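Structure first, commentary second.
The values are calculated or read from the model by the stated rules, or taken from the named source; none is laboratory data. Since this is a predicted model, take the numbers as computed values, not measurements. Heads up, the Cβs are rebuilt from the backbone with ideal geometry, glycines too, and the neighbour counts pull from every protein chain shown.
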Amino acid sequence: MNTITKVALVTGAGTGIGRSTALALLRAGYKVVLAGRRIAALEETARQAGELAVHTLCVVTNVGDPESVRALFATLEERFGRLDVLFNNAGTGAPPLPLEELSYEQWKAVVDTNLTGAFLCTQQAFRMMKKQDPMGGRIINNGSISAHAPRPNSAPYTSTKHAMTGLTKSTSLDGRQYNIACGQIDIGNAATDMAAPMQRGVPQAHGVIAPEPVMDVEDVANAVVHMAGLPLASNIQFMTIMATKMPFIGRG
């Protein structure tokens, strides 16, 4: 077993990409804070870690709520004393409605989780990483293929993922003087429960419903671990990992 020396925080750690990445980080030798809305899902992630579960900490968190995020980081700091890697992974989408039929509440729920949540966690991570010794750390943002090209009827999700690219760039620039690296991983069609409809058939830009290939979510988790494991003198600014045959290149 690897000697555990570094601390990672994964938001949205109770399902999908978050769960797989948290488990991969544990196997790579990290202590991992598991953050998410549902304690049962977080505890299931920890259970799947087996003997490595002793190196996890489950914290129920609403990333869109400033007080909840502050409490998360206070708990993390009290338990572990430092943070080396933040994976801003928590995300949600709105129903696939025509843009003009979306409610304000549906729009706001996506923005609060996907964008405001990432900002609030980044803000708290900066405060920890600037004052810890050695100073610095790494922030990895879960972008999406939707940070480059939208799907039909996806305005809230696509807007937040485009905005995530701007947050990644600003974080990378503003963190430079504090030895804080920031990169973004854009993921296309990882085989999770959220992506299950892809295999059954989803709307394409030209109006037809068609199934899309998916890839093993473990490949995504391993890519995040690779980004996390680089020395802080190096950074993967943007990485795209996708099912090879998904209709992204040439989409539409």
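Which one is modelled with the lowest pLDDT, of the residues in segment 107-145 that are closer than 21 Å to Asp84 by Cα, small (Gly, Ala, Ser) and part of a loop (DSSP other than H, G, I, E, B)? Per the stated criteria, the residue is Gly143.
Looking only at residues that are among the polar types (S, T, N, Q) and more than 22 Å from Ala71 (Cβ to Cβ) in segment 1-42, which one is surrounded by the fewest Cβ atoms within 10 Å (Cβ to Cβ)? Going through the qualifying residues, I end up with Thr3. What are the pairs with Cβ atoms under 7 angstrom where one residue, in segment 4-28, is free of Cβ contacts under 8 Å to residues at least 60 places away in the same chain and farther than 15 Å from Asp219 by Cβ and the other, located anywhere, is basic (Lys, Arg) and assigned to a loop (DSSP other than H, G, I, E, B)? Sequence gap at least six, or different chains. Going by the 7 Å Cβ cut-off, the qualifying pairs are Gly14/Arg38. The one condition from (1) out of contact with any helix residue (DSSP H, G or I) (no Cβ under 6 Å at 6 or more places or on another chain); (2) farther than 20 Å from Thr21 by Cα; (3) in a helix (DSSP H, G or I) that Thr168 does not meet is (2).
Of the strands (runs of 3 or more DSSP E) entirely within segment 1-106, none holds at least 3 residues that are touching a Lys or Arg at 6+ places or on another chain (Cβ under 6 Å).
Take the conditions in contact (Cβ under 8 Å) with a residue 12 or more places away in the chain, buried (at least 23 other Cβ atoms within 10 Å of the Cβ) and either of a type in the set (S, T, N, Q) or under 17 Å from Asp219 (Cβ atoms) (or both) and apply them to Thr45. Does it pass? Yes, satisfied.
Within segment 205-252, the residues that satisfy the criterion of being part of a strand (DSSP E or B) and either modelled with pLDDT under 95 or at positive phi (or both) are Ile209, Ala210, Met215, Ile241, Met242.
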